[in-house]
Amino acid sequence: MAKILVVDDELEIANLIAEVASDYNHTVFVALNGNQAFEICMREKPQLVISDISMPGLDGYGLTQKIKADPELSGLKLVLMTAGFFRPELVEGIYDGFIKKPFEIEEIEVLLEDTFPLKTHSSRPSLEKIEYLSQSR
């Protein structure tokens, strides 16, 4: 079971991705902005971060740069997503994938299966495995 962090200021989108990842028996953390996400990364050391780009405060580009600059976190896999314009030159060589919004659930499933190929799919989500940073404060 892997640790996955989902970062999006739109809670509905974060919840959707978190539910899919939880359905694969992963432990999922949700953050609503880049600063919360970095705190979770430092505390939990997830194997995968799926982050929106357009967020208030520390955006997805800044979060990617901050994570990859930290020696303790630099090895984790980072997938960015946006409905807007993607500027890969801002994170050249330091991001691992991109998802265009709106996305299909199958895209998230393929990402999870490709990243964690030995993980098995359960029949229903385990929502209790999702931690919301905003609720823990």
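Calculate, in nm to one decimal, what residue 1 and residue 47 gain on full extension: separation in residues at 0.36 nm each, minus their alpha carbon distance. Each step should come with its number before you reach the end.
Details: separation 46, 0.36 × 46 = 16.56 nm, distance 1.02 nm.
Contour length minus the Cα-Cα distance gives 15.5 nm.
What number, in percent, do you get for the relative contact order of the chain if the mean sequence gap of Cα pairs under 8 Å and at least 6 apart is divided by its residue count?
Dividing the mean separation by the residue count of the chain yields 31 percent.
By average Cβ neighbour count within 10 Å, what is the ranking of 67-80, 35-48 from highest down?
Going from most to least packed, we get 35-48, 67-80.
What base-10 log of the normalised intensity I(q)/I(0) is obtained for the chain from the Debye formula, alpha carbons as equal point scatterers, at q = 0.08, 0.09 Å⁻¹?
For the chain, the Cα-only Debye profile gives -0.17, -0.22.
At a temperature of 20 °C and a viscosity of 1.002 mPa s, determine how fast the stretch 60-114 diffuses translationally according to Stokes-Einstein, using the Kirkwood radius over alpha-carbon pairs as Rh; express D in µm²/s, rounded to the nearest whole number.
Values: Rh = 12.1 Å.
Result for D is 177 µm²/s.
Read phi for every residue in the stretch 41-53 and hand back ³J(HN,Hα) as whole Hz from Karplus 6.51 cos²θ - 1.76 cosθ + 1.60, θ = phi - 60°, with x for Gly and Pro.
Result, rounded to whole Hz: 4, 5, 7, 9, 6, x, 7, 9, 10, 10, 10, 5, 8.
Per-residue ellipticity at 222 nm for the chain, helices alone: DSSP H runs ≥ 4 residues times -39500 (n - 2.57), over residue total, nearest 500 deg cm²/dmol?
Dividing the helical sum by the residues of the chain leaves -10000 deg cm²/dmol.
Sorted by average packing, counted as other Cβ atoms within 10 angstrom per residue and highest first, what order do 6-14, 97-105 take? Provide the component values of the computation, followed by the final result.
Details: 6-14: 19.7, 97-105: 12.8.
Sorting 6-14, 97-105 by mean packing, highest first, produces 6-14, 97-105.
Would you mind calculating the gained length between residue 69 and residue 39 on full extension (0.36 nm times residue separation, minus the Cα-Cα distance), in nm to one decimal? Walk me through the intermediate numbers first.
On the way: separation 30, 0.36 × 30 = 10.80 nm, distance 1.45 nm.
Separation in residues times 0.36 nm, less the Cα-Cα distance, equals 9.3 nm.
Mind checking which of 64, 115, 27 has the largest fluctuation in a GNM of the chain, springs on alpha carbons under 10 Å?
115
Using a simple spin-label model with points 7 Å from Cα along the Cα→Cβ vector, what separation in nm is obtained for residue 89 and residue 109?
The two pseudo-label positions are separated by 3.8 nm.
Explain nothing, just the number: dipole magnitude of the chain about its Cα centre with +1 on each Lys and Arg Cβ and -1 on each Asp and Glu Cβ, in debye rounded to the nearest 20.
Here the chain has a charge dipole of around 380 debye.
Every read-out reported here was derived from the displayed coordinates using simple, explicitly stated rules and does not represent laboratory data. Note that the structure is predicted; figures quoted are calculated from it, not measured. Positions of Cβ are backbone-derived with ideal geometry, glycine not excepted, and every protein chain shown enters the neighbour counts.
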